[in-house]
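Chemist: Dropping a structure here in C-alpha cells format, bear with me for questions.
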Amino acid sequence: MTKTHIVEIEILLSIFLSPTAVAVKDFPRQRSSFSADFFAIFRENFEPLIWDFPGKIFSHFVFRNYYPVLLVSEMEVSITKSASFTPLASWEEFKKFEEFKSEIEENKLGSDMAEARQLEQISALHEKAETPTSYGEKQRRYLSKRSSLPRQLVAPLGSFYCPITLDVMVDPVEISSSRTFERSAIERWFADGNRYCPVTSSPLNDLVLRPNRNLRQSIEEWREMNNMITIVSIKPKLQSSEEQEVIQSLQKLHDLCTEHELNRELVSLEDYIPILVGLLYAKSRETRTLALAILYILAKDSHDNTERIAKVDNVLQPIVRSLARQIGESKLALQLLLQLSRCKEVREVIGTIQGSILLLVSLLNSDDSQASGDAKELLDNLSFLHQNVIDMAKANYFKPLLQLLSSGPDNVRMIMADTLSEIKLTDHGKLSLFKDGALEPLLKLLCHDDLEMKGVAVKALQNLSSLPEYGLLMIREGALGPLFEILYRHSLSSPSMREQVAVIIMNLAISTNAQESDHEQVSLLESDEDVFKLFSLISLTGPDIQRCILQAFHAICQSSSGSNIRTMLRQLSAVQVLVQLCELRNHVEVRASAVKLFHCLTEDGDNAVFQEHVDERCIGTLLRIIKTSDDEEEIAAAMGIVSNLPLDSDITQCLLDAGALDIICTFLSDGNINSRHRQQVSENAVKALCRFTVSTNQEWQKRVAKAGFIPLLVQLLVSGTPLTKKSAAISIKQFSESSTALSKPIKHGTIWCCLAAPQRGCPVHMGICTVDSSFCILEANALEPLLRILSENDVGAAEASLDAINTLIDGEKLQSGCKLFAERDAIPPIIKLLSSSSAHLQEKALLVLERIFRLVEMKQMYAQSAEMPLVDITQRGTSGMKSLAARVLAHLNVLGEQSSFF
C-alpha cells in the first residue's frame, strides 16, 4: 500500500466510527476522492479481519450496516439510505442483501448501457468536430507533430494492456470494479456467465461498461505516434536499390493503410503519392503491384487523394501499361483507373493514353467477372467524349456508339455513322454490330431527306454489307428499295454515292449464296424487269459501277435461283455485251468481271446463242486473256469459256489455228496447282482438250499426241482432281477408240524378218501399237490408273474411266481384251461397281459385264463373285436394270433364257 492508501483508510475509519445517516449520506462525496484501486486493496486486506474477528477493529453494527456502501456507486447510495439500519447477523444475510440489490441493478442495466453508448457517441462527435477539415490545416498540424517525433518507436505503457488478452487495447472500457479491459474481451467474460472482476475476483455491482476515454485517447495518441514514426522511417527505404527491401517496405506500408483510416491520412500527408507513382515504372512486378494497391486504397479513401494522384506528372501512362500485364496487376491498375475516372480531369485524359481503350475493351471480354465489370464501368465513364466512343468502336466495342447512333442529335448520328464507314471492321466486329442492332438506325439515316445523311448511311452500310448475315438481313429489312432508288435516279445522289450503292448491291448479291436451305430464301431480283433494269446500267455507267453490277450478276447466277437468271440474261443478249467487254484493255477489273459472268452463262446455255457471237475475234481475245492476264480467276474463267464452247468443227479449228493447244499444254505442264484458281485452270484446260481428241477427227488427235499430251493425261489420272481425272479419262477413251484403226499389222514372211528380232504385237489390238501413232492405252500405261479410279468415290471420274476401259473389249477385241483383263485383274473392280450408289454407274457396269460374261472362261472365273450383286439388282433396281441384270445372270446359268425378268 502507498501513503495515499493509508490516508484513504483513515478517512474510511472516521466514517465507520460515526455511524450516522449524515455520515452515510456524505460518503459518496468522500468516496469519489479515493484512488481507483483503493477498494480492492481494502477488501483484500481488511474484509476477512472484520468478519472473522468481530469487535477487534469495528463493531458488527458499524460494518454490517455501512460496508455495502463501499461497494455501490453514487447512484446506489439512495438505495442504501432508504434501507433501515437493521444489523446483518451474518455473511449469508449480507449475500442475500447483495442478491436483492442485483435484481434491481439488472433492471436498470439496459438503460445504463444505452446511456453509456450515447455518451460515447456524443464524445466521438465532439472529437470529430475538433478534427481539422482542410488539407492545409491537416498538413500544418502533421508537420508540427512530426517535428517533435522521437527517432525510435515508443514502448506501450503497462496500463495500455488488457489484463485478459495481454494486448494493447483498442476500445478500453471500465467496469464497476474500476478495472479497465478491452471491450470485446470483457464482453466475452460476461457472456460466459462471470459476474466478478477478472483481476480482483470481487463480485460486481453491475455489468455496465463505461468507456475509458482518457485511456483510449492516450493509446490512440501512442499508436498514432508510433505509426507516424514507422511511416516516416519507411519513406527513405523505398528509394533503396535493394529490390527486396523496397518490397518489404511497401508491404508494411500497405498493411498500415489497410489497418486504419488515420494511417492512410498520414501516408498522404507524408507525401508518399509521387514516390508510389514513380514505383509504377519499376521492373519488379511485385513492386508495381504493391504500389498500385496502396494508390488504390488512398484514392478510394478520399477525393482529395484522388485529385493528388491525378496531379502527378505522367501518372496515367504506367497505370495503363499495367493493364496489359498479368491479371493480378492488371485488375489493380483497372480498379485504380476506375477510381481516378471519377475525377473529371482524369476522365478527359485517360482515353488519350495510347492503347488505353483497346486494353480496356480486352479486359471487358475477360473471364474474370470483376475485371469485366470494372472495365465496363470505366468505359461507360469515358463514353462522355465522342472521341473515346470512336476509339471504343475501333476496338470492337460498339454499344456506346450505337446508343448515340440511335438516339443522339443529327450531327452526332452523322459522326457515329461516319465512324462505322471508316473503321476497318473484322467479320467478328460486323457480327457484333449485327447482333447489337446497328442496321435499324442506319436504314433510318438512309431514308433521311438530307443528302449528306444519306451519304454517311450508304458508306456505313457499304462497310457492313460484306458480311453475308448482314446482307441477308438488309434484304429482309427492305434496304433494296432506297438503295435502288439512289442507284437509278442520278439526281438524288452524287457519282461517288452511286458507286458505293453499287458495291452494297454487289455484296447483297454475294450474300444470297450463303443462305441456308432450311431458311426462307430471299432474292435480290424478283422479276424480269428487275434483271433488265440492273443489267442495262452496265451500258450507262462508268467502270466502277459496271464492275459491281457484273460481279452482282455473277453471284446471283451461282445462287439457288441462278438457272432462271442465266436464262433471262441470255435472252437479253447479255452475251453480246459481255463479248464486247472482254475486249477492254484499260479497265482490267471490268474485263475480268465480264469474263467470269460470260463463263457462268456458258455452263448451261444454248449453243446457238454462243455460235452467233463467238467468232474468230472473240476466240483470239479469250486466248490472249489466258496468256497475258495476271488474274488467275480470270484465266480460269476464260479457259472455262473455251472448254464450254459448242463442239463445232469450225470453232475447234479456229482454236487450233489460234494456238490453243500450245496454251493448254503450257498450263498442264505447270506442276504448280496449289491455289484454288490454278486448279480450276487445269480442270478447264483438260476439259477444253477433250474437243481436240474426238475420234471423228484423227488429224486433230495426231496433233494432240504429237504435242505430248497423252503422257500428261495419264499423269493427271494419278494426280489430278476428280474433274481433271474425268476429263483426262474422256480424252484417253476418245484416243483409244481410234487405236484399232491406227494399229499397224505385224509383217511376216521375208528373209530379213527371219534375221531380225520378231515384232511384238499389242495383246488387244493385235498389231504394232505406240503412244504417238495409235494412242494405245496399254502402251501409255493408262490401264492401271483407270482401274484405280473405279475404286474412288467420284462417280463422274469412275464413269469416264469405265468408258475408257470398255474400249478394250469393243467389237472383235472382246476375246483378247477379256484375256488381258483377267491377267491384269481388271474384272473385280468392275464387279464392285454393281454395288455403287449411282444407278447410272451400275448400268454402265452391267453393260460391260454382259459382254465379258459371254465368254465361258470369264463366267467360270468370276460368276461366283458377281452373282449376289446381280441378284440384288434384280430385286432392287429399276425395271431396265432388272432386265439387264437378269440377262447377265442368264449368261451365268443362274436364270433360264425364258425367265420373266427378260
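The values are calculated or read from the model by the stated rules, or taken from the named source; none is laboratory data. Here the structure is a predicted model, which means the values were calculated and not measured. For neighbour counting, all protein chains shown are included, and Cβ atoms are generated from backbone atoms with ideal geometry for every residue, glycine included. These accessible areas exclude ligands, DNA and RNA; they are computed on the full protein's heavy atoms, side chains included. Shrake-Rupley method; radii C 1.70, N 1.55, O 1.52, S 1.80 Å.
Chemist: Roughly how much of Asp427 is accessible, in Å² to the nearest 10, using a 1.4 Å probe?
Modeler: About 100 Å², rounded to the nearest 10.
Chemist: If you don't mind, there's one more thing I want to ask. I need two numbers for region 276-328: Rg to one decimal and Dmax as a whole number, Cα atoms only, in Å.
Modeler: Cα-based Rg and Dmax for region 276-328 come out at 10.7, 30 Å.
Chemist: Next question. Give me the accessible area per residue for region 296-399, probe 1.4 Å, as a whole number in Å².
Modeler: Per residue, region 296-399 has an accessible area of 45 Å².
Chemist: What would the Debye formula give as log10 I(q)/I(0) at q = 0.11, 0.17 Å⁻¹ for the alpha-carbon point model of region 761-886, no solvent?
Modeler: -0.37, -0.86
Chemist: Also: Can you give the alpha-carbon Rg of region 215-295 over 2.2 N^0.38 Å, where N counts its residues? If you can, show how the numbers build up before the last one.
Modeler: Numbers: Rg = 13.0 Å, N = 81, 2.2 N^0.38 = 11.7 Å.
The reported ratio for this selection is 1.11.
Chemist: Taking each pair of different alpha-carbon atoms in region 389-438 once, compute 1/r for the pair, average those values, and report the inverse of that mean as the Kirkwood hydrodynamic radius in Å to one decimal.
Modeler: 10.6
Chemist: When only Cα pairs under 8 Å and 6 or more residues apart are kept, what is the percent relative contact order across region 296-362? Can you show the working numbers first?
Modeler: Values: 54 pairs, mean separation 22.1, N = 67.
Relative contact order for region 296-362 comes out at 33 percent.
Chemist: Could you list, bin by bin from short to long, the percent of Cα-Cα pairs of region 480-635 in 5 Å steps?
Modeler: Calculated over all Cα pairs of region 480-635, the distribution is 1, 9, 19, 21, 20, 15, 9, 5, 1, 0 percent.
Chemist: Would you mind checking Lys237/Lys376; Lys596/Lys627; Lys138/Lys331; Lys311/Lys399 for any pair whose Cα atoms are more than 27 angstrom apart?
Modeler: Among Lys237/Lys376; Lys596/Lys627; Lys138/Lys331; Lys311/Lys399, the Cα-Cα distance tops 27 Å for Lys237/Lys376; Lys138/Lys331; Lys311/Lys399.
Chemist: Just to be sure I understand the model, the point goes 7 Å from the Cα along the line to the Cβ. What's the resulting Thr230 to Ser369 distance in nm?
Modeler: Each label point is offset 7 Å from its Cα along the Cβ direction, giving 3.5 nm.
Chemist: Right, another one. If amide hydrogens are placed 1.01 Å from N in the peptide plane, which non-local residues have theirs closer than 5 Å to the one on Ile768?
Modeler: Lys744, Ile746, Cys762
Chemist: Share of region 467-515's accessible area from carbon and sulfur, percent, 1.4 Å?
Modeler: 55
Chemist: How large is the charge dipole for region 781-902, taken about the Cα centre, if only the Cβ atoms of Lys, Arg (+1) and Asp, Glu (-1) carry charge, to the nearest 20 debye?
Modeler: In debye, rounded to 20, region 781-902 gives about 220.
Chemist: Continuing with this model, one more query. How big is the equivalent ellipsoid of region 227-363 along its three axes, where each semi-axis is √(5λ) from the Cα gyration tensor, reported in whole Å from largest to smallest?
Modeler: Three semi-axes, in Å: 24, 17, 12.
Chemist: Ratio of Rg to Rh for region 247-289, alpha carbon only, Kirkwood?
Modeler: We get a ratio of 0.98 for region 247-289.
Chemist: Shifting gears a bit: Let me see the P(r) profile for region 357-511: every Cα-Cα distance counted, bins of 10 Å, each bin given as a percent of all pairs.
Modeler: It works out to 11, 40, 32, 13, 4, 0, in whole percents.
Chemist: Based on alpha-carbon positions alone, could you give the equivalent ellipsoid semi-axes of region 189-241 from the gyration tensor, as √(5λ), descending, whole Å?
Modeler: Details: eigenvalues 358, 34, 13 Å².
Calculated on Cα positions only, the semi-axes equal 42, 13, 8 Å.
Chemist: Another question, then. Let me know the volume per residue of the alpha-carbon convex hull for region 787-830, in Å³.
Modeler: Each residue corresponds to 53 Å³ of Cα convex hull volume.
Chemist: Based on Cα positions only, what radius of gyration and what Dmax would you give for region 759-819, in angstroms?
Modeler: In Å, with Rg to one decimal and Dmax whole: 12.4, 41.
Chemist: Separate question: What ranking of Ser536, Ser719 comes out by heavy-atom accessible area, probe 1.4 Å, highest first? Spell out each step's value before the answer.
Modeler: Values: Ser536 35, Ser719 70 Å².
Reading off the accessible areas and sorting them downward yields Ser719, Ser536.
Chemist: Oh, and also: Rank by packing, highest mean first: peptides 850-859, 794-803, with packing defined as the count of other Cβ atoms within 10 Å averaged across residues.
Modeler: 794-803, 850-859
Chemist: Send over the Kirkwood Rh of region 349-405, from the inverse of the averaged 1/r over different Cα pairs, rounded to one decimal Å.
Modeler: Mean inverse Cα-Cα distance, inverted, gives 11.1 Å.
Chemist: Hey, rough spin-label estimate for Asn214 and Ala155, points 7 angstrom out along Cα→Cβ, what's it come to in nanometres?
Modeler: Reported label-point gap for Asn214 and Ala155 is 2.4 nm.
Chemist: Another question, then. Hey, could you get me the Stokes-Einstein D for region 291-401, Kirkwood radius over alpha-carbon pairs, 25 °C and 0.890 mPa s, rounded to whole µm² s⁻¹?
Modeler: Reported coefficient: 179 µm²/s.
Chemist: Could you calculate the contour length gain from Leu847 to Asn564, that is, 0.36 nm times the residue separation minus the distance between their Cα atoms, to one decimal place in nm?
Modeler: The Leu847-Asn564 span can extend by a further 98.2 nm.
Chemist: Between Leu814 and Arg617, what length comes free when the chain is fully extended (0.36 nm per residue of separation minus the Cα-Cα distance, one decimal in nm)?
Modeler: Length gained between Leu814 and Arg617: 66.2 nm.
Chemist: Determine how many Å³ per residue the convex hull of the Cα atoms of region 644-713 encloses.
Modeler: It is 82 Å³ per residue.
Chemist: Roughly to the nearest percent, how much of the accessible area of region 329-441 is carbon and sulfur, given a 1.4 Å probe?
Modeler: 48
Chemist: Short version: what are the Cα gyration tensor semi-axes of region 564-698, square root of 5 times each eigenvalue, largest first, in whole Å?
Modeler: Here the semi-axes work out to 21, 19, 14 Å.
Chemist: If you find the alpha carbon centre of region 644-712 and of region 461-534, how far apart are they in angstrom?
Modeler: So the two Cα centres are separated by 39 Å.
Chemist: From zero outward in steps of 10 Å, how is the percent of C-alpha pairs of region 506-576 spread across the bins?
Modeler: Per 10 Å bin, starting at 0, the Cα pair percentages come out as 20, 55, 22, 3.
Chemist: With N denoting the number of residues in region 154-261, provide Rg(C-alpha) divided by 2.2 N^0.38 Å, to two decimal places.
Modeler: Numbers: Rg = 18.6 Å, N = 108, 2.2 N^0.38 = 13.0 Å.
Relative to the 2.2 N^0.38 Å estimate, region 154-261 comes out at 1.42.
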